[in-house]
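Provided herewith is a single structure, encoded as structure tokens, for subsequent inquiry.
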Amino acid sequence: MKFDFSNDHIDTGIATLSSHFLWASALVLTLAMMSFALDLAGAPYRAARLEARRSATTQTQATADGDVLVDTAVATDVAPEKRPWGGRGITLSWLGTLLLIVAVVTRTIAVGRPPLGNMYEFSMVGCMFAMVFFLAWSLKSDIRWLGVFITGPIVLFEMLAAVIYYTAASSLMPSLQSYWLSIHVTVATLSVALSTLAFSLTLAYFVQNWRDERGEAGRERLKWMDALPSAASLDRTTYGVLIVAFPMWTFTLIAGAIWAQEAWGHYWNWDPKEVWTLVIWVVYAAYLHARATAGWSGKKAAYIALAGFVAILINYGIVNVYFVGQHSYSGL
Amino acid sequence: MSSTITQPRLGPLGTARWFWRQLTSMRTALFLLLLLAVAAIPGSIIPQTGIDAGRVAMYKTNHPSLAPWLDRLGFFNVFVSPWFAAIYILLIISLIGCVIPRIRIHLRTLRAPVPRTPKNLSRLPAYVERSVDEPADVVLDRARQVLKRKRYRVREDAAVEGRARSIAAEAGRMRETGNLIFHSCLIWVVLAVAAGHLWGWRGDAIVPVGTPLVNGQYDTLNAGPLVDTSKFSPWLLRLNSLDVSFEDKVAPTSPQYGQPRHFTAYTTVQDGNGKPQRKVISVNHSLSIGGNSVYLLGNGYAPMITVRDAKGDVLYQQETPFLSQDNNYKSTGAVKVSSLPSSQQMGFFGFFLPTAAFSDTLGPVSTFPAPKDPALVLGMYVGNLFPGNEPQSVYTLDTSAMKQVQGTGAQSKQPLRLMLKPGQTVKLPGGRGSITFNSVQRWAGLSTRHDPGKLPALYGALLGLIGLIMSMTLRRRRVFVKVTADPQDPARSLVSVGGLAKGEDPRLEVAIDGLALAVAGDDSTHVQLRTQAGART
């Protein structure tokens, strides 16, 4: 398929089909989120049952072997229970993501160009990237615990796109008619998708950390959080995701500057969107420096990561719509 | 206990050194980074003079009590204000002060040999032992190959009687190299941007279709302090036609209705004494000529207007550019008939409407940006157009020395309102002649840019990105492999692999495990594994 950025031919029928697929995806991912939530809710009971079965096995073994104390290696042989709701959550996530991909592909066919021309379109594409990251990661490691923290925000963004950001399929305004649209906006959307992932991890980190700080009493609260990794591990994973997102955001900034030079005659115009892109970059740079600074790692660094995501939300939800500038193509 | 603590006194040099240490510390850099982020925000919320002076003026009228304070504190010029400059200049100094010593240290590291294998590998953060069914020499050879294949720098000391043979290896020194490239490139980009400000210029002109633009003759010229404005390259551009289209294939209620779709300028250019060439300029496709770039940044309407005196002699005839005020190109402009005695000069001020309509509340409006039903709506003034001979905008009238002409007949109590469609002529009251709206023409807003800093900035940014990726993906690790022959069976040997990383490295253990597996050979069956993870953490 050849992209024509100045395409004038819009197929409204296929565009309607696309929005139906988006709704279907939101519905299926809502079910996925509920399955993941049920899976997490069951975690304390699973742990208790595992403990019970473990001691039962140990006892029978101990009786059978007479006075020989059975070592722990035998106890670990007790297989963990199957997690049917976790499995259903993953299956539904695949289905919801597939529907979302179909929504993006049909929208692309409807407008005859990459679907990155307004907020509705890049919300959709951003959600798709975040889900694809999540599912690709889930093939490598067991991250069923993360499911609810990913599908939750994704359903929210999908609904936001479908209800508030919805824009009828249309041609692009002249300044957007450039191949830089696919390069600059795609990488920006990928980076935002990763930052969303990191944001979910940071939130989980704060809860886990809050429980740790309260010691024994804290561990009794929100027992289902035991199904999640430790605070230190969540912190490390957040860092791992952000060191991928940061170079991507740097690239977004550079590609945006090249495009601005082509479209507006100068690579940097202090347009509100440019300012906020720089603010986000600077805040995440501060996060990376904080982790390398004694006394700033852990919770303080996590606060900076949180501030970075708040800046992304402002850049996306407020600057696009309410601030006057050259990036005014929310389509609203 | 005494409450006073005697501290060593810092001399001026010591104080300076202390200040320098503070400035170049990571903590200060972190603080300055966050401060820079916060300081940039007002510039995105409050209108900026450098971006849109018109909006600043409007903001000042709407906020009469707040605006003077914002003005005094530089909030209308955030990005050139002293306090914003102070933050980024401190940040750059802090960066330089941090990067230079690190470059010195890193150059030394690059020349330094790989350190010897320590005696006790099991004390390292990651450690694995394996027994292999092969003699020590074979295993050692394989270890060397594996490490080289994984691009480790290898050090092997001559075998010493009574000591196990070992290989010391190091990888990932390029991590710090990348990090230093990234930070040096940041400094380079800032210098390139500064060079662009000093030696760069931009000239903006409104060019009606059919008229030429000569390089150097601009409506407004913003030149850097080191630009020699007498040395513009001699090129000329003529605007032959301007092709503009707006969305009209959707329902008028759609937000897309009337959105711009294509802006294309067809030009003929001549560089110096070269041959005239036809060139197309559109949004996203600038024109390069004589070392400058010409961009199509705006467009609008320039109605052809003729003013004649009572005898029918032409007093004024030209394409008069009107500036658009909204997305439907409701435009304002002025006609200045200055070829008359100063007390009798005539001025017309008002609107050009590409698709005219009248609203009860807003008066004359335009409902679509393309000229579907164009009209001129003008008021008339008589008097001195240029009191005090001060420079003034061509798009507005200075009416301080003029009187507004009143209507005739039934409208004599109201100011005169002239309403013209293309081709129409209207007689002016008081025997002052007539005004004709001949035709609708377009103008192109062309902007010529010269920025010698842009390519250095681009190359710096791209190299910096490569450095950043290097510093994010590479891991600095040291690995030591020790191979001891089994004293009972010379055909068997014991491999121990230990590793340590600089900084955070969650995958160190996995890497060391993998390395040990590769050194032992994939077919090794009787393996014995002992990992001492985090022995020192």
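The values are calculated or read from the model by the stated rules, or taken from the named source; none is laboratory data. Note that this is a predicted model, so its numbers are computed, not measured. Virtual Cβ from ideal backbone geometry, glycine too; neighbours counted across all protein chains shown. Protein only, heavy atoms only, side chains kept; ligands, DNA and RNA dropped before computing areas. Shrake-Rupley method; radii C 1.70, N 1.55, O 1.52, S 1.80 Å.
Determine which member of the set B:Ser282, B:Ser245, B:Ser293, B:Ser241 is more than 14 Å from chain A (Cβ to nearest Cβ) and of a type in the set (Gly, Ala, Ser).
B:Ser241
Quickly run through segment A:265-288 and pick out the residues that are at the interface with chain B (Cβ under 7 Å from one of its Cβ atoms) and either under 21 Å from the mean Cα position of the chain (by Cα) or part of a helix (DSSP H, G or I) (or both).
A:Pro272, A:Val275, A:Trp276, A:Leu278, A:Val279, A:Val282, A:Val283, A:Ala285, A:Ala286 - these are the residues of segment A:265-288 that are at the interface with chain B (Cβ under 7 Å from one of its Cβ atoms) and either under 21 Å from the mean Cα position of the chain (by Cα) or part of a helix (DSSP H, G or I) (or both).
So, one more: Going by the conditions given, is A:Thr60 within 19 Å of the chain's Cα centre (by Cα) and either open to solvent by 50 Å² or more (accessible area, probe 1.4 Å) or at pLDDT below 75 (or both)?
Taking the combined requirement at face value, the residue does not satisfy it.
Give me the pairs: first residue in segment B:262-276 and closer than 13 Å to B:Val294 by Cβ and in the same structural domain as B:Leu213 (by TED's automatic domain parsing), second residue of a type in the set (Gly, Ala, Ser) and outside any strand (DSSP E or B), beta-carbon distance under 7 Å, and six or more apart or on different chains, which are they?
B:Asp271/B:Gly290
I've got another one for you. Filter segment A:220-264 for residues that are at the interface with chain B (Cβ under 10 Å from one of its Cβ atoms) and among the aromatic types (Phe, Trp, Tyr) and give the result.
Within segment A:220-264, A:Tyr239, A:Phe246, A:Phe251, A:Trp259, A:Trp264 meet the criteria.
If I filter segment B:242-285 down to residues being of a type in the set (Gly, Ala, Ser) and surrounded by 13 or more Cβ atoms within 10 Å (Cβ to Cβ), which single residue comes out as farthest from the chain's Cα centre (by Cα)?
Here the answer is B:Ser254.
Sticking with this structure for a sec: Give, as residue ranges, the strands (runs of 3 or more DSSP E) completely inside segment B:343-440 that count at least 2 residues that are closer than 29 Å to B:Leu242 by Cβ.
B:346-353, B:356-359, B:363-366, B:375-383, B:418-420, B:425-427, B:434-439
Where residues in segment B:461-484 are open to solvent by 40 Å² or more (accessible area, probe 1.4 Å) and in a helix (DSSP H, G or I), which of them is modelled with the lowest pLDDT?
B:Thr473
Looking for something basic (Lys, Arg), out of contact with any Gly (no Cβ under 6 Å at 6 or more places or on another chain), open to solvent by 20 Å² or more (accessible area, probe 1.4 Å) and free of Cβ contacts under 8 Å to residues at least 60 places away in the same chain - is there at least one such residue anywhere in segment B:167-177?
no
While we're here: Filter segment B:296-332 down to the residues that are of a type in the set (Ser, Thr, Tyr) and either touching a residue at least 60 places away in the same chain (Cβ under 8 Å) or under 17 Å from B:Asp204 (Cβ atoms) (or both) and list them by number.
Matches in segment B:296-332: B:Tyr301, B:Thr306, B:Ser324, B:Thr332.
Still on this structure, please answer the following. In segment A:87-117, what residues are more than 28 Å from A:Ile10 (Cα to Cα) and not in a helix (DSSP H, G or I)?
Matches in segment A:87-117: none.
May I ask you to list the residues in segment B:296-315 that are more than 14 Å from every other protein chain (Cβ to nearest Cβ) and open to solvent by less than 20 Å² (accessible area, probe 1.4 Å)?
B:Gly300, B:Tyr301, B:Ala302, B:Pro303, B:Ile305, B:Thr306, B:Val307 - these are the residues of segment B:296-315 that are more than 14 Å from every other protein chain (Cβ to nearest Cβ) and open to solvent by less than 20 Å² (accessible area, probe 1.4 Å).
Another question about this same structure. Just for helices (runs of 4 or more DSSP H) wholly inside segment B:1-120: which have at least 3 residues that are within 14 Å of another protein chain (Cβ to nearest Cβ) and open to solvent by less than 40 Å² (accessible area, probe 1.4 Å)?
Correct list: B:26-45, B:82-111.
Output yes when any residue across segment B:432-453 is within 16 Å of B:Leu180 (Cα to Cα), crowded, with 17+ Cβ neighbours inside 10 Å and of a type outside the set (Asp, Glu), and no when none is.
no
Name the single residue that is nearest to the other protein chains (Cβ to nearest Cβ) among those in segment A:289-300 being of a type in the set (D, E, K, R) and open to solvent by 50 Å² or more (accessible area, probe 1.4 Å).
A:Lys300
Then there is this: Kindly evaluate A:Lys223 against the criterion of being in contact with a helix residue (DSSP H, G or I) (Cβ under 7 Å, 6 or more places away or on another chain), over 29 Å from A:Ser123 (Cβ atoms) and among the basic types (Lys, Arg).
When the stated conditions are applied, A:Lys223 passes them.
Do you know which of the residues in segment B:316-338 that are under 31 Å from the mean Cα position of the chain (by Cα) and hydrophobic (A, V, I, L, M, F, W, C) is surrounded by the fewest Cβ atoms within 10 Å (Cβ to Cβ)?
Step by step, filter segment B:316-338, then rank; the result is B:Leu323.
Yes/no matrix, rows are residues, columns are (1) under 47 Å from the mean Cα position of the chain (by Cα); (2) closer than 28 Å to B:Val250 by Cβ; (3) at pLDDT below 90:
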site	(1), (2), (3)
B:Gly347	yes, no, no
B:Leu378	yes, no, no
B:Asp398	yes, no, yes
B:Thr408	no, no, yes
B:Leu428	no, no, no
B:Phe437	yes, no, no
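Just wondering, is there one or more residues in segment A:120-133 that are open to solvent by less than 10 Å² (accessible area, probe 1.4 Å) and over 25 Å from A:Thr202 (Cα atoms)?
Looking for residues that are open to solvent by less than 10 Å² (accessible area, probe 1.4 Å) and over 25 Å from A:Thr202 (Cα atoms), one finds at least one in segment A:120-133, hence yes.
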